[in-house]
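Chemist: Next up is a structure, given as structure tokens.
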Amino acid sequence: MRMPQNVTILGATGTIGLNTMDVIARHPDRYRVFALTAHSRVDELAELCLRYQPRYAVMLDEVAADKLQKKLHGTDTIVLSGIQALEQVAAHTETDIVMAAIVGAAGLRPAIAAAYAGKRILLANKETLVMAGSLFMQAVEKGGATLLPIDSEHNAIFQVMPQERLAALEHGGVRRILLTASGGPFRQSSIAELAAVTPAQALNHPNWVMGPKITIDSATLMNKGLEVIEAHWLFNAPAEKIEVVVHPQSVIHSMVEYIDGSVLAQMGNPDMRTPIAYGLGYPDRLHAGVTVLDLFQVGRLDFEKPDTGRFPCLRLAFDALKQGGTAPAILNAANEVAVEAFLNGRIGFQDIPRLIESVLTMMNIDAVQSLEQLIEVDNQARAQAMEWKQLQAC
Ligand code: NAD
Ligand code: MG
């Protein structure tokens, strides 16, 4: 009998983290929770630790870690804090699988640590690839890591893409990647309606239950823009070979078009446990607790072209990908600041692309050289974005 594999979950208290534990709990013979991490939610992480009894629990915040330590007194879980501790559990010799599910640029360093340590990485944290795609892919190669995309679209593409893609898409006979998008809650809203959108309305996604940042990204279509950049790095695809297709039912999770006219799609109910189970079990298929797709109930599948006039974030992301260098890192950092400002009621919905465009125009775009440089660029872009926000407020 084989030993269960040790899983480290970065971002355990988030939607992806919780879904990962749901799948793991269905397969106690195959997987064991080794380390759980969170930003600062002590009660939630404490409850998860009592239930899954990990070897390590890490909180980014030191004060939160102290509180967690007290709550876990008398258990075998070792409590650590800080970014280095996140890297440590991601790269730990006893960790077999790392679920990278921290939200935002904060997930970059632990994901890189897992890559250099040669882990099986289940990558949900798309911002890692947007910010530092070239460096992360190099780290995966150097460390001999196995990278499995968890973002539902990229997981779908991975499932229907031939292995030859690693050399070049053409070698596998691929013509294009068709990246599907639900269109979000404002797919049919006019420009005038978009001006009045509130955070509560934007947080109400029609098909998926997700954390607040990605939910707002889905409403602006920046999520799809980030995913275009993510697909570029994962599948060696230039921007011209990636087409975004709005598909409101979210049943087809993406498609690959081949030179012979074939189009392969992966379908299923919108439930993140499917890609998570795929990543955990690959190449095996696992039960994931997901309801079987009822095509008769779905009835029809619709497709539309995205409207970058109403949703400029998608255009900004395509442009940043074409510009290359540090442009996607700037786009990502400015977007994170903009989304937070929108959620806090400081800027309007349509200010999100305005702020990002203004930061991209103000900053120099350089070639990517190192992780330190990208972290510095990320900081500078955040500072620029904060300034824009204050300017608008006066
Ligand atoms: P979430 O907001 O629900 O959870 C985020 C997790 O990250 C939490 O555990 C939080 O404690 C942790 N975290 C936040 N900031 C941190 C920091 N600075 N340092 C350390 N930890 C921090 O987010 P989510 O919806 O689970 O998404 C996680 C990632 O997965 C995102 O990158 C998102 O784009 C991606 N993703 C999510 C979905 C989805 O359905 N939720 C689908 C595809 C991709
Ligand atoms: Mg997605």
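The values are calculated or read from the model by the stated rules, or taken from the named source; none is laboratory data. Keep in mind that what you see is a predicted model, and the values were worked out from it rather than measured. Please note: Cβ atoms are built from the backbone with ideal geometry, for glycine as well, and neighbour counts cover all protein chains shown. These area figures cover heavy atoms from the full protein model, side chains too; ligands, DNA and RNA do not enter into them. Shrake-Rupley method; radii C 1.70, N 1.55, O 1.52, S 1.80 Å.
Chemist: Once you put a point 7 Å from the Cα of ALA239 and another 7 Å from the Cα of LEU293, both along the Cβ direction, what distance in nm separates them?
Modeler: 3.1
Chemist: GLU193 to THR361: FRET efficiency via 1/(1 + (r/R0)^6), r the Cβ-Cβ distance, R0 22 Å, to the nearest 0.05?
Modeler: Once the sixth-power term is evaluated, E becomes 0.20.
Chemist: So, with a 1.4 angstrom probe, what is the percent of accessible area on the chain that is carbon and sulfur?
Modeler: 51
Chemist: Separate question: At a Förster radius of 25 Å, what calculated FRET efficiency corresponds to the Cβ-Cβ distance of GLN163 and ARG30, to the nearest 0.05?
Modeler: For R0 = 25 Å, the calculated efficiency reads 0.55.
Chemist: What is the packing order of peptides 359-368, 311-320, 225-234, taking the mean over residues of other C-beta atoms within 10 Å and listing the highest first?
Modeler: Going by the mean number of other Cβ atoms within 10 Å, highest first, we get 225-234, 311-320, 359-368.
Chemist: I need the peptides 377-387, 67-77 ranked by packing, meaning the mean over residues of other C-beta atoms within 10 angstrom, with the highest value on top.
Modeler: Top of the packing list down: 377-387, 67-77.
Chemist: How big is the dipole moment of the range 157-323 about its Cα centre under a simple scheme where the beta carbon of each Lys and Arg is +1, that of each Asp and Glu is -1, and everything else is neutral? Debye, nearest 20, please.
Modeler: Around 180 debye, computed over the range 157-323.
Chemist: OK, next. Just order 100-107, 369-376 by mean Cβ neighbour count inside 10 Å, highest at the front, would you?
Modeler: So the peptides 100-107, 369-376, ranked by packing, come out 100-107, 369-376.
Chemist: Can I ask one more? Any idea of the accessible area per residue across the chain, 1.4 Å probe, to the nearest Å²?
Modeler: The answer is 44 Å² per residue.
Chemist: Could you give the length gained by full extension between LYS142 and ASP284, i.e. 0.36 nm per residue of separation minus their alpha carbon distance, to one decimal place?
Modeler: Contour length minus Cα-Cα distance gives 48.6 nm.
Chemist: Follow-up question, since we're still on this one. Return one quarter of the surface area of the convex hull spanned by the alpha-carbon atoms of the chain, equal to its mean projected area, in nm².
Modeler: The number I arrive at for the chain is 19.9 nm².
Chemist: Label points 7 Å out from Cα along the Cβ direction at GLN323 and ILE78: separation in nm?
Modeler: Placing both labels 7 Å along Cα→Cβ, they lie 4.4 nm apart.
Chemist: Just check the range 102-256 against the gyration tensor rule for me: Cα atoms, a ≥ b ≥ c as the square roots of the eigenvalues, rounded for a/c under 1.5, and otherwise prolate or oblate depending on whether a/b exceeds b/c.
Modeler: oblate
Chemist: Which of ASP96, ASP151, ASP284 moves the most in a Gaussian network model of the chain with Cα springs under 10 Å?
Modeler: Among ASP96, ASP151, ASP284, the largest mean-square fluctuation in the Gaussian network model of the chain belongs to ASP284.
Chemist: Rounded to the nearest 20 debye, what is the charge dipole size of the range 319-372 about its Cα centre when +1 sits on each Lys and Arg Cβ and -1 on each Asp and Glu Cβ?
Modeler: The calculated dipole for the range 319-372 is roughly 140 debye.
Chemist: So what's the back-of-envelope 222 nm ellipticity for the chain, counting only DSSP H runs of four-plus at -39500 (n - 2.57) apiece and dividing by all residues, rounded to 500?
Modeler: Roughly -14500 deg cm²/dmol at 222 nm, from the helical runs in the chain.
Chemist: Now a separate question. With the crude spin-label approximation of a point 7 Å out along Cα→Cβ, what separation in nm comes out for VAL263 versus ASP66?
Modeler: 5.9
Chemist: Over the Cα atoms of the range 157-323, each weighted equally, I'd like the Debye log10 I(q)/I(0) at q = 0.15, 0.16, 0.17, 0.20 Å⁻¹, rounded to two decimals.
Modeler: After summing over all Cα pairs, the log10 values are -0.92, -1.04, -1.17, -1.48.
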